[in-house]
Each structure stands twice: as structure tokens, then as C-alpha cells.
Amino acid sequence: MAENDLQQHYENLWQKGISLLREVVTTEEERSQMERYVPLFTYHAIEGKEFIVGLAEQFQVDWLSPKLVLPLERALHSAGLPEEIHVRFAVKEQQGNLKISTPSPELARARSPEAQRVDSHQLRGMPSTMPLHENYTFENFVRGPSNSFAHAAAIAVAKGPGRTSYNPLFIYGGTGLGKTHLMEAIGHYVLDHSQSTSVCFITSETFLNEYVNAIQNNSLPAFREQYRKVDVLLMDDVQFIAGKEKVQEEFFWMFNSLILYHKQIVLTSDVSPKNLNRFEERLIGRFQQGMVVEIESPSYETRLAILKFKAQATQKIIPEEILKFIAENIRSHVRAIEGALSRIVTFMSMQDDIPLSIDIAKNLLRDLIEEEKTIKDLSISDIMNTVANFYGVTRDDILSPQRTQTLVTPRQLAMYLSRKLTTRSLQEIADEFKKTHATVLHGAQTIQKRLDVEPELKKSMEDILSQMGRKASDIL
Ligand code: ADP
Ligand code: MG
């Protein structure tokens, strides 16, 4: 192959590998992490027997290598990369100038205290921290009555981390209302305004995974040590550790020690502390000690203000009438509003010559508006009942340990749909099904595979979905 063709070949291979990598993730959590990580890759090239993937910073190499090298390597091999070529992450300083470094998660821990102090910038990007979304800043957050209290508290904390009585700051509210955005805005502000403050942004699910790994690898002391260095701990979606007693206990001690040293803690959750189920009382007590603020659904005026702000950023001139139409009809949450806007913008970019009328907009958004009417988070028991009904069995059958094929399919399908259609964690689903989480995972994976090769099963699933007011595209 000529040099150019070869380059093109590897470029295609890379694109294909990345999309395969995105496909293998199944949970919402993994998906959102992947969205953050993939843009961090700055470079890729084959060098000898290695496929080098570049990242801007050493801590990213340390943090991502154990998580992503193998899955990425597998994806690239499936995409056609010769099996003998291995993937390695390395720091890439500038265009075409690779500073190769051996990835080692132990690196940061093994350093002497002096070296750690010197390397304070790197420390600020703690090994555990997830990268902050660059748009989630205070500047990009639109205030309104539904969020102004939370916003004010977040600003106060960002300006004086650990120095206000808002410790912890506990932000709660429904999905898509801006909790993560506000939390990351605190992180950006602190990093921009203080040279020496370290920030760790992590979801509670990632924290849990790290904790489990630390136990398996006998590295609990290092795990703890790493969090002791944090000045500002931002932990997103704490509700995920519901029912996980061990990790709650670990978190409890970490929490106490951080507060004792006037470190700042910010937490988000989909419910208020007192409504957190299966949480230790003493932990709930701690959550309520600082400041608890709610973000509510935005009013019409706030929705319109958010739309105008986001529309401005797209550099398209969208008629006011259409923005008002969206604000009136998409009410559930901000993420849905963004979805509607992006559809309009895509249409405008493709159809430069057609002026956008309100009728066209209505058409473009019809299904989103329909969805608004039916939006509610399906409960696991709704799913069990609908699936059981469809197959002519009972809910008790689904919960029973019996393994006849007539029960296994509905049971596994209900598990699969619970994974796809609810925001509940694997353990919560397992609890509801009275099974182990490995059984649920296996069940969901079995269905996933069968759906590819069994059109009848797929058809049944679509019928079940439509009985629940959903479409197959909702779960892809
Ligand atoms: P949550 O964590 O509450 O589920 P997110 O913080 O992920 O919600 O917000 C969902 C989307 O809506 C993000 O893209 C975020 O930028 C946007 N968003 C939410 N609230 C606002 C706001 N007040 N101003 C601007 N964008 C917002
Ligand atoms: Mg969130």
C-alpha cells in the first residue's frame, strides 16, 4: 500500500475501533464515562509493534491505561488491527512530538513526598478524577427560580471551598436538571482560581469500583491515601451506593476525615438525603449537616432563557416563535430541551434554503413532544408485570427460582429491559428480582445476544415496549 493509503487504512481502523469500543459498554455510567474519555485521545499512530494512543497529561495515562488499554486493544483487533500489535497510552506533548512514558498506575503513589509537592499541578488532577466536561461552567449555566438557590450555594462553595458552613453541599433533583453541570462548574472555578487546590470529580459508582479493585488488589491503604490528598471532593450521583454497606462505611470514614481537615465535599443525588433508601442513618445524618439544596424543573421562562442561551451558541438565527414553541412543549428537563434544539439546528444546517416555519418545527419535534406526554421513569415492577402478562405467566413466576425455559425467557427479558429502561443500579435490579447481580447481568447479556439472531424475540420485545409506551429506539 502507498503511504497515504496506509494512513487512510489506519485512520478507518481507528474510527471503527472507537465505535466498537462505544458499543461494548452497556450501562449509562460507562457510556457517560466513555463520552468523556474518547475526546481526550489526542493522537494515534503505529510505531513498530505498538499502536500508540496519545493523551495530554501523565495522570490521564496513569488513570486511563488500566481501564481502557485492553478494551481498546480488543476493539481495534476486531476492527482489523493485526493481533501482534499492542496498544499503549503515552503522553503527547505537541503535534507529532511524542513523549513516550511507561504507563504505571503505581507511579504517583511511589513518588517521594518532595517529588509530589513539586509536581503539584499533576496532583491537582488526582489519579481518580474524571475529566471535567469543558462546557459545564458557571458562565454556561442559566439561572432561574428553579435553580437559583442551588446556584448561589455552588458559587459560595466554589469561592471558599471548605470555608463555608455549606459542607457538605448536597444538591438533589430529577434527572437532566443540571446537577452534574453545577457540580463540575465548582470544579472548574476552583481549578481556575487556585493554583494549589486539588479537585477530585468522581461518580459514586466509579468510587465503588475503585474500592472493590482496591480490596481485590490488596491496595486499600493506597486507595485511602489518594483521597486524603483531595481538597475538593465532588461526588456525583451518590444514590448509586444504596444498599452497598461496605462502601458506605468506607465513604463514611473518608467523609469524616475530609470534613475534619476542612476539605470541601459536594454531593449530588436524585433524591433528598432523607429519601435515600438503604443508606446508613449516620451517613444520611452527615449529608444533612451542611447545606441541602434542590434543583427543580425549570419554569417556562427559565426554559426559554436556557433555549435562547444555547441557541446563541449555535450561531444560527432561530426564530423566537420556534424557541417559544419548544419551551412550551418540552417541559420535562433541560437535556430534552437541548435535544429538541439540536434537531432544529441540524435541520437548519442541512436545509439552508428553506426558511424554518413553525409547522416544520412541529413536524421535526413531533415524537419528542409525544414522549414528553408519556415520560415517567418506568418501575421495575411495571416491567415485570408487562412482560409476565405478555408471556401469560405471573410476576411470582418471574421471581421464582424455577428454571424452565417458559420462565427463563420472560425473566431474562424483564431483567434486560430493567437494565435498559430504568436508571436503577445492577444491585437494585438484582434485589427486586431476588437474584444475584451476576444472574441479572448474565440474563441481560443472554437476551442482548439472542436479539441479534432471533427475530421473533425481537418482535415480542417491541410489542412489550409499545405496551409500555416505548419504542425499540429508546433502548439502543
Ligand atoms: P443532571 O446531572 O441533573 O442529570 P446535567 O447536569 O447532566 O443534569 O444536565 C443535563 C444537560 O442540561 C446538560 O447538558 C447541562 O449543561 C444542561 N443544563 C441543565 N441545567 C442548565 C442550566 N440551568 N443552564 C444551562 N444548561 C443547563
Ligand atoms: Mg448527573
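The values are calculated or read from the model by the stated rules, or taken from the named source; none is laboratory data. Remember, it's a predicted structure, so these values are computed and weren't measured experimentally. So basically every Cβ, Gly included, is an ideal-geometry build from the backbone, and we count neighbours across all protein chains shown.
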Residue match in the stretch 237-255 (condition: within 15 Å of ligand 1 (Cβ to nearest atom) and part of a loop (DSSP other than H, G, I, E, B)): yes
Test: residue in the stretch 307-327 that is of a type outside the set (Lys, Arg), within 12 Å of ligand 1 (Cβ to nearest atom), under 18 Å from Thr175 (Cβ atoms) and touching a helix residue (DSSP H, G or I) at 6+ places or on another chain (Cβ under 7 Å): no
Candidates Ser357, Ser297, Ser349, filtered to the one that is closer than 30 Å to Pro161 by Cα, at pLDDT below 95 and of a type in the set (Gly, Ala, Ser): Ser297
Count of residues meeting criterion [away from ligand 1 (no atom under 16 Å from the Cβ) and within 30 Å of Asp431 (Cα to Cα)] in the stretch 196-232: 16
The listed residue being modelled with pLDDT of 90 or more, more than 16 Å from ligand 2 (Cβ to nearest atom) and among the basic types (Lys, Arg), out of Arg224, Arg228: Arg224
Residue list for the stretch 277-288, filter: surrounded by 20 or more Cβ atoms within 10 Å (Cβ to Cβ) and assigned to a loop (DSSP other than H, G, I, E, B): Phe279
Number of positions in the stretch 418-442 that are under 19 Å from Ala388 (Cβ atoms) and in contact with a Leu (Cβ under 8 Å, 6 or more places away or on another chain): 6
Candidate set: the stretch 291-305, residues that are over 25 Å from Ile322 (Cβ atoms) and not hydrophobic (A, V, I, L, M, F, W, C); chosen: the one surrounded by the fewest Cβ atoms within 10 Å (Cβ to Cβ): Glu296
Residues of the stretch 74-112 satisfying the condition of being at pLDDT 85 or above, part of a helix (DSSP H, G or I) and buried (at least 20 other Cβ atoms within 10 Å of the Cβ): Ala75, Leu76
Members of the stretch 145-154 that are in a helix (DSSP H, G or I) and in contact (Cβ under 8 Å) with a residue 24 or more places away in the chain: Phe149, Ala150, His151, Ala153, Ala154
Candidate set from the stretch 259-271 (those that are part of a loop (DSSP other than H, G, I, E, B) and away from ligand 2 (no atom under 16 Å from the Cβ)); member that is farthest from Arg163 (Cα to Cα): Tyr261
One residue from Ala185, Ala214 being assigned to a helix (DSSP H, G or I), in contact with a helix residue (DSSP H, G or I) (Cβ under 7 Å, 6 or more places away or on another chain), free of Cβ contacts under 8 Å to residues at least 12 places away in the same chain and over 11 Å from Val266 (Cα atoms): Ala214
Residue match in the stretch 21-37 (condition: over 23 Å from the mean Cα position of the chain (by Cα) and under 29 Å from Leu426 (Cα atoms)): no
Conditions (1) within 25 Å of Glu28 (Cα to Cα); (2) of a type outside the set (D, E, K, R); (3) touching a Gly at 6+ places or on another chain (Cβ under 8 Å); number of the one not met by Gln264: (1)
Extreme residue, farthest from Lys263 (Cα to Cα), among residues of the stretch 193-205 that are in contact (Cβ under 8 Å) with a residue 60 or more places away in the chain and of a type in the set (S, T, N, Q): Thr203
The stretch 320-339 residues that are free of Cβ contacts under 8 Å to residues at least 24 places away in the same chain, paired with ones that are within 13 Å of ligand 1 (Cβ to nearest atom) and of a type in the set (Lys, Arg) (beta carbon under 8 Å, 6 or more apart): Leu323/Lys308
Scan of the stretch 158-185 for residues that are closer than 23 Å to Gly285 by Cβ and within 16 Å of ligand 1 (Cβ to nearest atom), ordered by number: Leu169, Phe170, Ile171, Tyr172, Gly173, Lys179, Met183
Members of the stretch 52-64 found to be among the small types (Gly, Ala, Ser) and surrounded by fewer than 21 Cβ atoms within 10 Å (Cβ to Cβ), listed by number: Ala56
Test: Ser466 is among the hydroxyl-bearing types (Ser, Thr, Tyr) and in contact with a helix residue (DSSP H, G or I) (Cβ under 8 Å, 6 or more places away or on another chain): no
Candidate set: the stretch 133-160, residues that are away from ligand 2 (no atom under 16 Å from the Cβ) and either β-branched (Val, Ile, Thr) or in contact with a Cys (Cβ under 8 Å, 6 or more places away or on another chain) (or both); chosen: the one nearest to Ile259 (Cα to Cα): Val157
Considering residues of the stretch 180-196 that are touching an Asp or Glu at 6+ places or on another chain (Cβ under 9 Å) and small (Gly, Ala, Ser) only, the residue nearest to Leu169 (Cα to Cα): Ala185
Residues within the stretch 376-388 that are at pLDDT below 90 and touching a helix residue (DSSP H, G or I) at 6+ places or on another chain (Cβ under 8 Å), tallied: 5
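Conditions (1) within 16 Å of ligand 2 (Cβ to nearest atom); (2) free of Cβ contacts under 8 Å to residues at least 24 places away in the same chain; (3) β-branched (Val, Ile, Thr), marked per residue:
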position: Gly162; (1), (2), (3): no, no, no
position: Pro168; (1), (2), (3): no, no, no
position: Gly173; (1), (2), (3): yes, no, no
position: Gly176; (1), (2), (3): yes, no, no
position: Leu191; (1), (2), (3): no, no, no
position: Phe207; (1), (2), (3): yes, no, no
position: Asn218; (1), (2), (3): no, yes, no
